[in-house]
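**Q** This is the structure I want to talk about, given as structure tokens.
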Amino acid sequence: MVQPFFAFYLTGSRGLSLPEVGAVLTVFGAGAFFSQLLSGALADRYGRRITLTGGMLATAAIMLTLAYSESLPVIIGCMFLLGVAMEVYRPASSALVGDIIPVKDRTRAFALLFWAVNLGFTGGMLTGGALAGTGILWLFWIDAITCVAFGLLVWFAVPAAHEQPRDKTRTGSFREVLNDRVMVVFTLITLAYAVVYHQSMITLPLAMKADGLSPVAYGIALAANGVVVVLVQPVVVNWLGKHDHSIVAAVGMTIVGIGFGLTMFVSSTAGYAATVVVWSLGEIVVTGVSAAIATNLAPARLRGRYMGVYGFAFSLSNLISPAVGIWLLSFGPAVLWSALAVLALVASVVQLAIAPEIRQRTDHLVSV
């Protein structure tokens, strides 16, 4: 609930200038940048549940500290720690899915998680928008309470017996992940896809503004993404797991590329919303199977680190996507959207190239 309203809180309640807000948000991003790898290591060494619960409880405590902080140094420190704590969830939760869910059902599990996150985000945005104008501290308290509730649910509702036993004398390292050629290539594919996808929050609003459209129009167009995910994801969730993961991922990335490529031909709110619908359909396909691929590539004792590296691709994309997108946009919208379409297509082709090795390793897991 809080993250989308950081700028309102920092400029309104705390009276920070725009340069100060930019610096604070950059610090938050720096914390999130390293969080994925940290979470993966902690999940492998100490367990998924303790990492998840600890991350959520830490998020709640930092969130409330930030809510009542008034000095800039304290706000900066809280924002860095919050960036670290909030993102601990992703690799640890993905590793937990790998521990609990059989190989044949992982695609469906990740797709349902993606659906739940989007449903929660939509509810959080609507509720947060309503409360932000009357009392923004409510956002921090509600966010903190839900984080505590989530952490306690994980601790008490997920049996410890479901976690894979870990050999504490041999916890592994990220070097082993980087020596896995298939995983490295797959991470680069994920990075390319993420650079394309993140333009929906970077250059898409800039392109719409250049066409004379207002922020309201951008909000309407992007709302189509949430609607499509919430409505379509449950319908296709069973279908996704019945087909080869790499082929499904390649098809999804191609659809995402087509959606962004079609953006060069539109200039109205309805037109932009239509392109959002197209790439949202591709996003639904990619998200579930990609997480399942990364999980299936990972040995059980390194599953946290593998998911940390997979998540790190998205963190790295957050860092480089603004520069890449704005640079391409400087040559004109047609160059930007066509380049994104080509990048998504290249990622699809490379995904198909490593498909046999991914299929072989997945089939081995099923047979074990």
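The values are calculated or read from the model by the stated rules, or taken from the named source; none is laboratory data. Since the model is a prediction, treat every value here as computed from it, not as a measurement. Don't worry about glycine lacking a Cβ; one is built from the backbone with ideal geometry, like all the others, and counts go over all protein chains shown. The protein model used for the area step is the full one, side chains on, heavy atoms only, and it has no ligands, DNA or RNA in it. Shrake-Rupley method; radii C 1.70, N 1.55, O 1.52, S 1.80 Å.
**Q** For M201 and L137, calculate 0.36 nm times their separation in residues minus their Cα-Cα distance, and state this gained length in nm to one decimal.
**A** Difference between extended and current length: 20.4 nm.
**Q** So what is the orientation-averaged projected area of the chain, using the convex hull of its C-alpha atoms, in nm²?
**A** Approximately 18.0 nm², given one-decimal rounding.
**Q** Taking one equal scatterer on every alpha-carbon of the range 1-88, how large is log10 of I(q)/I(0) by Debye at q = 0.10, 0.26 1/Å?
**A** At q = 0.10, 0.26 Å⁻¹ the computed log10 ratios are -0.26, -1.28.
**Q** Something else now. How many Å³ per residue does the convex hull of the Cα positions in the range 279-368 occupy?
**A** Output value, Cα hull per residue: 100 Å³.
**Q** Quick check: net charge around R303, other residues with Cβ under 9 Å of its Cβ, Lys/Arg +1 and Asp/Glu -1?
**A** +1
**Q** Return the distance in nm (one decimal) between the two label points of a simple spin-label model at I247 and S71, each offset 7 Å from Cα along Cα→Cβ.
**A** 6.2 nm
**Q** Summing -39500 (n - 2.57) over the DSSP H runs of n ≥ 4 in the chain and dividing by its residue number, what mean residue ellipticity at 222 nm do you reach, to the nearest 500 deg cm²/dmol?
**A** Per the formula, -26500 deg cm²/dmol.
**Q** Is the range 195-342 rounded, prolate or oblate when judged by the Cα gyration tensor, a ≥ b ≥ c being the square roots of its eigenvalues, rounded requiring a/c under 1.5 and prolate requiring a/b larger than b/c?
**A** prolate
**Q** Which one, V278, A334, A313, projects farthest toward the positive side of the charge dipole computed for the range 267-368 from Cβ point charges (K/R +1, D/E -1)?
**A** The listed residue farthest towards the positive side: A313.
**Q** Provide the packing ranking of 25-32, 205-212, 341-348, i.e. peptides ordered by the mean count of other C-beta atoms within 10 Å per residue, highest first.
**A** Ranking the peptides 25-32, 205-212, 341-348 by packing returns 341-348, 25-32, 205-212.
**Q** Which value, in debye to the nearest 20, gives the size of the charge dipole of the chain about its Cα centre, when Lys and Arg are +1 and Asp and Glu are -1 at the Cβ?
**A** 700 debye
**Q** Counting only heavy atoms of the protein chains, get the accessible area per residue of the chain (1.4 Å probe) and round it to a whole Å² value.
**A** 45 Å²
**Q** Short version: ³J(HN,Hα) in whole Hz for each residue of the range 69-84, in order, from phi by Karplus 6.51 cos²θ - 1.76 cosθ + 1.60 (θ = phi - 60°), x for Gly and Pro, what are they?
**A** Couplings: 7, 10, 8, 4, x, 5, 4, 4, x, 5, 5, 5, 5, 5, x, 5 Hz.
**Q** Compute the FRET efficiency between T146 and V182 as 1/(1 + (r/R0)^6), taking r as their Cβ-Cβ distance and R0 = 25 Å, and round to the nearest 0.05.
**A** E between T146 and V182, to the nearest 0.05, is 0.10.
**Q** I need to check one value: relative contact order of the range 42-127, counting alpha carbon pairs closer than 8 Å and at least 6 residues apart, in percent.
**A** 30 percent
**Q** Now for a different question. Once both labels are modelled 7 Å past Cα along the beta-carbon direction, what's the W327-R14 spacing in nm?
**A** Label-label distance for W327 and R14, simple model: 3.1 nm.
**Q** Separate question: Using a 1.4 Å probe over the heavy atoms of the protein chains, calculate the carbon and sulfur portion of the accessible area of the chain as a whole percent.
**A** 72 percent
**Q** Next question. Could you state the number of Å between the C-alpha centres of the range 58-72 and the range 78-117?
**A** After rounding, the separation between the Cα centres reads 24 Å.
**Q** Turning to a different aspect of this structure: How high is the relative contact order of the chain, in percent, counting Cα pairs under 8 Å that sit 6 or more residues apart?
**A** Relative contact order comes out at 26 percent.
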